[in-house]
Structure formats: C-alpha cells, structure tokens
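Contents: one structure, followed by commentary.
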Amino acid sequence: MANNTSQEGSPQLKPDTSEETPPPLPPRPENLTFLAGSGRPQSSAGSVKGTQRGSLRPSLLQSKATTALSLEGSGQYTHGETISGSSTPSRQPSLANIGYNYMRSASDVDDTASIRSAVPPSESGVGDVESLLGDVVTERDQTAFESVASVRQDPGLFEETLFGDAAELEKEFETELDEIDELKTDGSNQESVMKAWRSKLKHYLILSSAGKPIYSRHGDDHLITNYIGIIQTIISFYNSADDPLRSFTAGDARFAILSRGYLNLVAISRLHESFSELRAQLEALYMQILSTLTLPNMERMFSSRPSTDLRRPLQGTESLLSALADGFTRGSPSTLLSALECLKLRKAHRNAINNTLLKCRTPSLLYGLIVANGRLVSVVRPKKHSLHPGDLHLVFNMLFEAGGVKAGGGENWIPLCLPGFNNTGYLYMYVSFLSASRDGVEVEERRTADGKGEGEVAIIFISANKEGFFELRQMRNDLIEQMSKNGSLDHILESVSQGRSSCTDILPGTVLRHFLYKSRSNVQYCMSSYDPFFSTPFSRRRLLSIYGDLHAQLHSRPVRLKIHYTTSTSYVALAWSSPVFELYCVAPASTSRAALAQAATALVNWAKRSEERLFLIGGAVF
Amino acid sequence: MADSGAGSAPKPSSSVKLVLLGEAAVGKSSLVMRFVNNDFQENKEPTIGAAFLTQKCTLPTRTIKFEIWDTAGQERFASLAPMYYRNAQAALVVYDITKASSLTKAQHWVAELQRQASPGIVIALVGNKADLANPSSGTDEEGAEPPAAPPSGPTDTDAPADADGAGVPADGEDASAPPSGADSDDGADGDDAAADARKVPMRTAKAYADEEGLLFFETSAKTGANVAAVFTAIANAIPETSLKGSRGGVGGQTSLGAGRGQEGDRVNLTGRAGDMGAKEGCAC
C-alpha cells in the first residue's frame, strides 16, 4: 500500500515491504455460514455464542495472531488488541480507507474472487446493509480472514475510492444522520426499521454497568434492547475476568468500549476509525454526561441504586449527545487533535479585544469567551486557571452544533459542569448570540430562529456565582458597546465572513490540497478551507479518515513517529510531528515526495510567522 | 416586538418580571417564542438552564415591558427555579392538554409559587397544545356552558385581537377557533373524538384555576391562538401598586402588604382580564 518513512523513527516499526509481495492467502474455511442468516432476530443468539467463544480465548488468540502475522504486519496490532483486550492503543491495519467497507461488501457477495484479486469495487454491495451487527454471528476465523483480505486489497481500492466514486458508501453516508422511524406498536414496520438501523455506519450506545440503556444515537428502546443485552453480556463477561474489554472487530465493524465508573460507552463504526479515535469520542460523550450531572451526583445515584435509570436525570440532553456523536461521524478535527480552532485575527485587533474584555470584567467572572462560529476569538481567564479544550468543545457543541440554545433567542443562563476544570460542581454560563449583521454599530440580539447560519458570534461568560446573571448581562452590554466603538466587532465579523483560507491563498502555487496544523503549546489548531476540494460532506469524511489514520500512526505506542509519509495513486499525505507542532496534509498523488516535503516546510514556516494571528496565545489574563 | 405605542404620547412604562414554569416539553419556550418573535418551531430542542427574553406589551394606559425567564422543565433544573421566581410579579404555569401528568406537575408548581414566591404574584395556568384537541372536546363532557363560559369568553373575543395586534398569520385566526369553544357548529363529536389527543378536560383545569384564583387559558403556540391574550391578561392583572419600580425586586416588595388581600381579587381578575383583553389586545 504505502511507504512509511520514519526519519528518526524507530526501527521497530514493522517493515511494510511485505506488502509489495503479498504472501498467498490461506485457504478459505469451508464453513461459510457468513451472512447466511436471512432473518436478523437470530443475531442475538449468535452473539451470545460469540461471547461464549470468548472463553476459548487463549487458543483463539494464538491462531489468529499467527494468521495476521504471516500475512500483514500492521494487522498484527489490531488483532492482538482485539483479542487480548490489552491496553495497547490500536494500530491501523493499514491506511484507513473508507473503501474498506466497500471492499467488504464486495467480498461478502462474491467471496474468493474478491479476495484473491484486486477486483475493483462493484456496484453489488448488497452486503453493506446487512453487515453491521450481523457479523457478530460470523465465525471469528472468518472475520480474521476477511479483514486480512481487505487489508491486502487496500492499495488498489484506495485508488478507486479516495477521490473517485464510492457511490454505495456515499449513499449510505448521506442518510447516516437521518432519524430512524419509530417502531409501530403493531410491528408492521419492524423489518424496514431494523434495516434502517443496521444500515447506519456508526452507532453509539451508552449503558449503565447494570445494563440499563442510557443513550443510543439511533433507534428507540424497543429496537436496541437486544443489542444492549448482547453488549452488556460481552462486557460483563470480560469484566468478571478482571480483564476489561476495550475493543474488538466484527467483520467490518469496529467496536470500542469505554468503561468509566458506572457507565459503559460503546462505539460501533464501519467508517474505519481507529480504536483510539473511537475511544476519544466516547470520552467526549462521557464528559458530556458529567457536564450535565457532575461526577459526585452520578456516583451518588448509582451507589444508592445501582439500577438507576440515568435517562431521567439526563432528560433533555439527548440532543447534545447526538450533536457530539454526529460531529464525530461527520469528522471532527477538534476531537481528533484535542485542540480548538481559533479565529484568524491581526495581533493588534486581538489585543484590543483582550483589553476590552479585561476592562469590562466584573468580579463574578471566571472565564469569558468570544466565539465566532465555533472558533475562538478571545478568552479572558484568571491567571491560575486555564481552559480545558475538552470542556470548550462541549460548550461549543452545545452552542453551535446542538442549536437548542441558539434557536431559543434571547440570553441564556445555563448551569453546567466543566469536567476538565472541576468535575464535582456546577458553574453558570451566560450566553448571548450576536447576529452577524455587518452594520456593525448596532448589533442586534438574535431574534430569529433560523437554524444554523454562518457568522454567529457568541459571548460566553462563565461564573461560579449562581446569581450572577444580571451582573454578567451588564458586562456583556458594556463589552458590546466598547467593541462596537473601537471597531473590534467589525474585525471579528470581517474575519468570520472571510472564512478559512485555502492552501493556495496561504502559499501560492502550493501542491497541498488541505492541511491541519496543531500548535501543541497553545492546544489550538488551524486548517485550510474545505473548499474547493472537499466541499461535500462525504469527501470531508474521507479526508478526516486520512487524517485519523495519520494521527493514529503518529501517536500509537510503542513506536512514536516523527514523520509519516503515505502514498496512494490518488493522493499523498504527510504527518509531521515536532515538539512545537503537528502537521497533517494531503496533496495529489502526482506530487513527489520532495515537493510535498517542501510544501510542508513552507507551511510550517508560514504558521510560525503567523502564529500570533492564527492562535490565541495566552489570552487576556487577570 | 415593535413597540407600537412609541409613536403616540409616551405612556408610563414599567417592567414586569415573569417566569414560565412547567413540565418538560409542554411548550414553554414555544409560547415565549410565539409571544416575542411571533414564530414557531416544530421539534424545538429542550431549553437548557433558562433563557431570558424581553418583550413589550402596550396597554391603553401604559406599556409593560416583560422580562421573561423561560426555564427548563427537566427535573434536574427544579432546584434552580426559586432563583427565577423569586421577585417575579407574574408566573405562567404551563401544562400540556394532551398529557395528564403535566397538569399534576403544574399544580405542584402553583403550590410552590403560592408558598414561596412573592405573595402578590399573578399566576396564570396555561394549557398549551390546544391545536391537538378536538374542537368540541374542551366542553363536551360537561355538555353545557355555565362553568365553561368564563374561559371561552375571553378566548372567543381575543382571537381576532391576536390576529390584528400581533400579526398572527392568517391561518392562525382559523386555527384559533378550536379552543374557543366553537362546539355549536360542530355537532359531530363522535367521529372527531377519535382524533382527539386531549387528555385534560378544560373543565378540570378551569375548576382548579378558579379554586386557586389563577388566570386560566388554553393556548396553541403552534397556531398562535390565545398566546398574546395570556400576556395581555397578565399585564392587566398586575396591580398598579407593584408597577412603581422597574425591577422585580422592588415590585415584589411593594406588593407585599396587599398580597394576602388579593387572593379574593384574583378570581375577579380572571373575568376582567378577559374583557380587557378583548378590547385592547396586546399590541406587540
């Protein structure tokens, strides 16, 4: 598939040369019961069987690891982790490509042919719809062969699908975020509902350690009860052996499990995200729950009654969880990099805003933020407290993705816990949206209720004082007045309307199509605009998958790479990590390695030069 | 939201602090959005914490500026409610006419307000989602008028006032007919009853409201029916004495003495508010 160049990297990295000459595949097992089941209900029984099989772990482990080793070095980690449930972070079996799913479906239909030769993905991806949880039924060995097969096929596939067509998957992705119909009481639509549920590429389930459902992205209780039961059985099986299950693969679906206190969170993905990525997403969902309840509250509920139904106290926050989940499904650079994006502003302009914030500050204020379209403009904070990116991500999600707060109009006073700051208590958040009307001087409060618009600026003040609303409201009025007067508001709105720059705006003539640049010390990132090359949601998703894979390659233990270079016939990608920054970028396949390296260097130099524009350094501190 | 009184001679203006309480998903935010923006959103996401909005309401003799606290209905926010109803001069306690438990919750709120809020607080009990009810269902179970007349009185007359004053869309006027007790022309109860989602008879809620001395309305935030009427009625029901200050706190204090005595008044206010609403409407 790809060339891994690890400059100063470690030699332990598995040689990828094996891929050049793939060894012959072992014969396919006879018992191809895979996908034979036409009716889904049996999947529950099948999965329980799968769990029992878990008791044979030692022997399984051996057999599968051996298989993986002999065929594909990089698959080794995945399977090793899969089976042992050890704490090794996941390794991508190869370059993460979404076409993987596609391949699977082809091989489902037409088994041996697609494994042995690089058959381009056909249109007959019948298995796609069927394959999410149904694969739990399949023989484990089967699964191993399947994934090995697809790994081996990656390169060819990638060419076809990266920027080319993957119509089937794209179609699925288009409807991914649609709601599933409710199950009718007479069960007349059961089949279609189940089918819709299974066709989702991504599922998130949250359950209590007692096995009570808490949240599911798709499907209501009736629909997911069986699956919750299965998952619970599997998780508790491993827990009872004191060897908590962290992840496993079933067919083309990856399952990541995060156990936190009384909660088990499960992500199921057919988007080929790495396990560490999935777990980071689950961590964010867990933070959202803490943000609603606080840790001590939740622990009290469960310790007094382990069978507590957490949906009741969480009532009304489903939309926040779903907004987070959908953000992950669409692809979230912020979660991938654990960093925030900042609005690009001239240093002098940003300083002016910082100073205005400091000037208007009232005693109750803990943190003050100005955020434009989910991008940080300025922060005012006490010297001894910084802000946790995860916390801010939750706040941004609530305000800019979930839309409930914004749509209500008016000003808001929201009690919330910022778990990264302090997971034991509530803070109070004052929120006011400004409309992005460009008349500047008179900035009207948002009165309209149009869902998501561009250019929304939110004033966010966080206080520990429950009664601080009117004080902070006054501060906001002062702030807006000052910022209108000194032109800061105009600067913000102007930058918002300009949007992100494209790569060629930044570096004329560059070969780069897109990049992500994270400043480690500021825990912020900047990126180029998605347009014109990644303007559809699906192309963004794929881009983020490439980044996800690069990120996993850089950060996977035991090897830590400095530079990771990947090629396919349709693109080349580079990940570059230094103590100061992380850079991820892609360019067309025709780009030579030297040209890419040169472009990346130029970009890093640009970022260094523009650091104070791109990032909020320190913010206003009091 | 336009202050239609601005053109004429300045009227005395005062602020009224109003709080909305009620079970989750009964339509508190939708009522406010209808009142403030004359807008409606299907499947609105739940309010988190509380939202603060303002809206002016012009009466013939004065302008009332409502400072509205729209609170979240979820159980976990209940402990924060005192912060919002403390010093409030008016409260809208909202229930969903298609959900019986929401009236019970509303009654709890009323009891809490009577126990702990400013004694002079004007409380309106509002049954929302009236558009989901069969037109005749509000009154059919009692079969006749006498007890139901007061609520339907203001409703009948207010609906046009809404439409004129608040610019409710044309269909708003049609749709405002249902809760107005237009049972007379709608003899065929039988077949309509099948589609009726109403679970709380208007009579039950009305009887409770009368007993407790509350204003009572059935509204539809979706069609706009009766929404402005509620706020107008509240504006009219706020005693002059409590309007001297512009902040709720002051008002709450001044009305302290009169508080107990008003228990009796409130029942009368219901009727009177209706009359006034009919004549004036809310010009916002």
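A few comments on the model shown:
- Among the candidates A:Asn397, A:Asn373, residue that is of a type in the set (S, T, N, Q) and within 14 Å of chain B (Cβ to nearest Cβ): A:Asn397
- Selection from the stretch B:95-110 of residues that are in contact with a Lys or Arg (Cβ under 8 Å, 6 or more places away or on another chain) and among the small types (Gly, Ala, Ser): B:Ala100
- B:Lys11 falls short on exactly one of the conditions (1) in contact with a strand residue (DSSP E or B) (Cβ under 8 Å, 6 or more places away or on another chain); (2) more than 14 Å from chain A (Cβ to nearest Cβ); (3) assigned to a helix (DSSP H, G or I); (4) open to solvent by 10 Å² or more (accessible area, probe 1.4 Å), and that condition is (3).
- The stretch A:291-313, subset open to solvent by less than 10 Å² (accessible area, probe 1.4 Å) and in a helix (DSSP H, G or I), residue farthest from the other protein chains (Cβ to nearest Cβ): A:Phe302
- Test: residue in the stretch A:323-334 that is in contact with a helix residue (DSSP H, G or I) (Cβ under 6 Å, 6 or more places away or on another chain), away from chain B (no Cβ under 14 Å) and assigned to a loop (DSSP other than H, G, I, E, B): yes
Okay, residues lined up against (1) within 22 Å of A:His272 (Cβ to Cβ); (2) touching a residue at least 24 places away in the same chain (Cβ under 8 Å); (3) open to solvent by 10 Å² or more (accessible area, probe 1.4 Å):
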residue: A:Asp531; (1), (2), (3): no, yes, yes
residue: A:Arg540; (1), (2), (3): yes, yes, yes
residue: A:Gly548; (1), (2), (3): yes, yes, no
residue: A:His564; (1), (2), (3): yes, yes, no
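- Checked across the stretch B:56-74, the condition of being of a type in the set (Asp, Glu), within 14 Å of another protein chain (Cβ to nearest Cβ) and either touching a residue at least 12 places away in the same chain (Cβ under 8 Å) or touching a His at 6+ places or on another chain (Cβ under 6 Å) (or both) holds for at least one residue.
- Sole residue being within 16 Å of B:Phe77 (Cβ to Cβ) and of a type in the set (Lys, Arg), chosen from A:Arg312, A:Arg260, A:Arg300, A:Arg279: A:Arg312
- So A:Gln474, is it farther than 21 Å from A:Phe396 by Cβ, surrounded by fewer than 14 Cβ atoms within 10 Å (Cβ to Cβ), in contact (Cβ under 8 Å) with a residue 40 or more places away in the chain and not hydroxyl-bearing (Ser, Thr, Tyr): yes
- Residue count for the stretch B:20-30 under the criterion of being open to solvent by less than 30 Å² (accessible area, probe 1.4 Å), more than 8 Å from every other protein chain (Cβ to nearest Cβ) and of a type outside the set (Ser, Thr, Tyr): the result is 6.
- Filter pass, A:Gln553 being surrounded by 17 or more Cβ atoms within 10 Å (Cβ to Cβ) and in contact with a His (Cβ under 6 Å, 6 or more places away or on another chain): yes
- Inside the stretch B:31-54, residues that are more than 7 Å from chain A (Cβ to nearest Cβ) and touching an Asp or Glu at 6+ places or on another chain (Cβ under 9 Å) make up a count of 3.
- Evaluation of B:Arg115 against (1) more than 14 Å from chain A (Cβ to nearest Cβ); (2) in contact with a strand residue (DSSP E or B) (Cβ under 8 Å, 6 or more places away or on another chain); (3) basic (Lys, Arg) (one fails), failing number: (2)
Condition check ((1) of a type in the set (Gly, Ala, Ser); (2) assigned to a loop (DSSP other than H, G, I, E, B); (3) within 14 Å of chain B (Cβ to nearest Cβ); (4) within 22 Å of A:His551 (Cα to Cα)) across all residues:
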site	(1), (2), (3), (4)
A:Arg476	no, no, yes, no
A:Ser484	yes, no, no, no
A:Leu493	no, no, no, no
A:Ser501	yes, yes, no, no
A:Val511	no, yes, no, yes
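- Pairing each residue of the stretch A:407-432 that is within 9 Å of chain B (Cβ to nearest Cβ) and over 17 Å from A:Leu472 (Cα atoms) with any residue that is surrounded by 23 or more Cβ atoms within 10 Å (Cβ to Cβ) and of a type in the set (D, E, K, R), provided the two are 6+ apart or on different chains, yields C-beta distances under 6 Å for A:Gly409/A:Arg446.
- Hits in the stretch A:486-503 - residues which are crowded, with 16+ Cβ neighbours inside 10 Å and within 24 Å of A:Phe534 (Cα to Cα): A:Ser495, A:Val496, A:Arg500, A:Ser502, A:Cys503
- Subset of the stretch A:232-244 [open to solvent by 10 Å² or more (accessible area, probe 1.4 Å) and on the phi < 0 side of the Ramachandran plot]: A:Gln232, A:Thr233, A:Ile234, A:Ser236, A:Phe237, A:Tyr238, A:Asn239, A:Ser240, A:Ala241, A:Asp243, A:Pro244
- For the stretch B:75-88, filtered to residues that are crowded, with 20+ Cβ neighbours inside 10 Å and away from chain A (no Cβ under 11 Å), the residue that is nearest to A:Pro415 (Cα to Cα) is B:Ala81.
- Residue in the stretch B:29-37 that is part of a strand (DSSP E or B) and either within 16 Å of the chain's Cα centre (by Cα) or over 11 Å from A:Gly408 (Cα atoms) (or both) present: no
The values are calculated or read from the model by the stated rules, or taken from the named source; none is laboratory data. Note that the structure is predicted; figures quoted are calculated from it, not measured. Don't worry about glycine lacking a Cβ; one is built from the backbone with ideal geometry, like all the others, and counts go over all protein chains shown. The accessibility values were calculated without ligands, DNA or RNA, using every heavy atom of the protein model including side chains. Shrake-Rupley method; radii C 1.70, N 1.55, O 1.52, S 1.80 Å.
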